[in-house]
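Let me begin by presenting the structure, written as structure tokens, before commenting on it.
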Amino acid sequence: MHLQRELPCQDACAYASTAADAIVMAVADGLGSAARSDAGASLAVASAFRFCMTAFESDSDGERGLEEIVRSAAAHAREELEQHAQKESCNLRDLGCTLIVSIATGRQFAVAHIGDGAVVGEIDGTLSLISGPGESEYTNEVVPLTSTEWQDSLRITSGESSIRGIAVFTDGCQRAAFRKEEGALVPFERFFTPIFNYARKVTDAAAGASEIAELLASSKLCEHSDDDKTLVVGVIEMD
């Protein structure tokens with residue numbers, strides 16, 4: 001795995017809250033088999049995140065739905081990967097990466113997801129798997145954003161619910177984050193509940209990010225996986 005081979009981190013993420021009280025998150029994981037996957041992941045995240053933030057700034061009337069925004073953000077990221085491959089004279093597959101784009105408000109959410117990794121939400125007081133790893137995860141074959149089949153493999157999930165917390169993470173966190181019950185992945189309460197509770201108490205974002213990074217690098221989590229681990233957590237407080 002990456003730590004054992006002393007490879008650079010191939011995950012990337014970006015996140016922010018908007019003036020409209022929405023949480024925007026983008027997370028990507030570069031494929032280990034792709035020569036420039038770290039660059040691909042970084043570019044996909046930056047492109048998708050920038051698209052979402054611009055969409056909110058230009059949509060003052062709220063005419064565009066969240067589902068449309070995340071779907072378009074993924075398509076925009078794919079286009080920028082294609083342009084980068086042409087500019088650098090490299091194969092598109094060399095930039096292979098997964099991508100998760102998530103937007104959540106207190107009353108609705110939408111996720112665009114290709115590849116592994118997952119999104120878990122705290123909805124109506126219950127932990128819920130909003131978007132899980134693709135079916136190909138079970139055969140260790142991930143369809144990346146750079147695949148010719150990316151549109152067929154892009155999964156869109158949306159809903160209108162009272163969402164209070166959302167966590168987006170790469171596959172390095174999956175074994176610690178889930179338990180299997182009757183063959184289905186179920187969010188592990190002892191993993192997520194303390195994290196969401198901690199996020200609600202954080203007053204310094206940088207300090208909070210540092211604490212999360214220490215958790216992901218801890219020996220306890222590394223027992224489950226020595227792959228790159230990225231976890232982005234957001235909480236929404238309602239009046």
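So here's what we get for this one:
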read-out: Computed over the chain: relative contact order in percent, which uses C-alpha pairs under 8 Å that are six or more apart; value: 20 percent
read-out: Region 25-88, relative contact order in percent, only Cα pairs under 8 angstrom and at least six apart counted; value: 34 percent
read-out: For region 132-214, size of Cβ-based charge dipole, Lys and Arg +1, Asp and Glu -1, in debye; value: 420 debye
read-out: For region 99-109, Karplus couplings with θ = phi - 60° (6.51, -1.76, 1.60), whole Hz, Gly/Pro x; value: 7, 10, 10, 10, 10, 9, 10, x, 10, 7, 8
read-out: Efficiency of FRET between Asp21 and Ser89 - r from beta-carbon atoms, R0 45 angstrom, step 0.05; value: 0.55
read-out: In Å², nearest 10: area of Lys180 left accessible to a 1.4 Å probe; value: 130 Å²
read-out: R0 of 25 Å, Cβ-Cβ distance Asp204-Cys9: FRET efficiency to nearest 0.05; value: 0.60
read-out: Hydrodynamic radius of region 89-239 per Kirkwood, over alpha carbon pairs, in Å; value: 16.3 Å
read-out: Cα→Cβ-extended label distance, 7 Å offset, between Ile156 and Ser218, nm; value: 3.9 nm
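The values are calculated or read from the model by the stated rules, or taken from the named source; none is laboratory data. This one's a predicted model, so the numbers in the text were calculated from it and none came from an experiment. Neighbour counts run over all protein chains shown; Cβ positions are idealised from the backbone, glycine included. Please note that ligands, DNA and RNA were not included when accessible areas were found on the heavy atoms of the full protein model with its side chains. Shrake-Rupley method; radii C 1.70, N 1.55, O 1.52, S 1.80 Å.
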